[in-house]
Amino acid sequence: VTDWALAVDVGGTKLAVARVRNDGSVQVRAQRPTPQSPDADEIWSALLSLISDVSAGDEPERIGVGCGGPMRWPAGEVSPLNLPAWRDFPLRRRLREHHPNAMVRVHNDAVAMAVGEHWRGAGRGSRNFLGVVVSTGVGGGLVVDGRVVNGRTGNAGHIGHVVVDPDGPPCACGGIGCLEAIARGPAVVDWAQRQGWVASVGVATGTALTESARAGDSMAVAALIRAGRALGVALASVVAALDLDTVAIGGGLAGAGELLLGPARAAFDRHARLDFTRDCRIVPTALGVDAGLVGAGAFVLAADHYWPAGAD
Ligand SMILES: [Zn+2]
């Protein structure tokens, strides 16, 4: 048995492949922008060429994948919201056809990130953990009693659709007032612009908003406070339901650091009043962009904790 797995991270903006070792270290990393093509096979070919670069002639025995959802799990038929060319794309079957001797496991990218952070990042040593990604969407993954929780359809941990304001804005899911509708990067930028915020240079993105906030722009600061507050309110409910000890927050908008986490903790402290909820730590993620690859590796390298027996 080789001491590494092939780890794959499929997103709407970038494809990344690496070797992840038994100890969770990431090696031989390769990535490229996701082809913005309506042709499913063009994206598949781009992924295959990254895989062949990273494999470099060594046949992988284990392949773990984190991919944008939704998907049929564990079948690994994926329809990533931000990758319209793939609808019911049989990612797992394709990988198995290409590597017939390999074990292949595919899960939601937010679950991969959370698992990576639990295995080797900010959640290390935690027994009851939630990893949250605040980016174009808001996603998450759950570890309870030391094991990843998948739920009935593999969708447990979807904190983005916890309702934080029943009279709030409509959400892309069809609901109203979901955390994601308020705290996803584009929604935060949108709200700031409606209050009169203008990006000082270039395009209005979450990064530009964070820079403005760092420079003291009060509208940019207010937009991050509003998003952080929604996050803290959602976490108070989730922590009460699940009795967690640690929540780690990552993703693009979490690059705002304390400008987002400070208001999240303040709202959490206001709403989480029971002893067991109050003790939960809210921390930034530790692995940065590698978290998804580390977690994808964990699906096949540390399956005792991160893949349910029989779900293949
Ligand atoms: Zn929603």
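GNM remark for the chain: springs join alpha carbons under 10 Å apart, and the peak mean-square fluctuation among 149, 28, 221 falls on 28.
Which is farthest toward the positive dipole end of segment 174-275 among 204, 259, 237, measuring Cα position about the Cα centre, with Cβ charges +1 (Lys, Arg) and -1 (Asp, Glu)? Toward the positive end, the furthest listed residue is 204. Size of segment 150-298: Rg and Dmax of its alpha carbons, in Å, are 15.7, 46.
With the highest mean first, a sort of the peptides 251-264, 87-100 on other beta-carbon atoms found within 10 angstrom per residue produces 251-264, 87-100. When the inverse distances between all different Cα atoms of the chain are averaged and flipped, the Kirkwood radius reads 19.7 angstrom.
The smallest convex shape that holds all Cα atoms of segment 1-121, its convex hull, gives 95 Å³ per residue. Which residue fluctuates the most in the chain, going by a Gaussian network model with Cα springs under 10 Å, if the choices are 280, 67, 171? Evaluated over the chain, the most mobile residue of the options is 171.
Neighbours of residue 128 by Cβ distance under 9 Å: Lys/Arg scored +1, Asp/Glu scored -1, total -2.
Laboratory data are not the source of any read-out in this text; all were calculated from the coordinates shown. All values reported here derive from a predicted model rather than from experimental measurement. All Cβ positions, glycine included, derive from the backbone under ideal geometry; neighbour counts span all protein chains shown.
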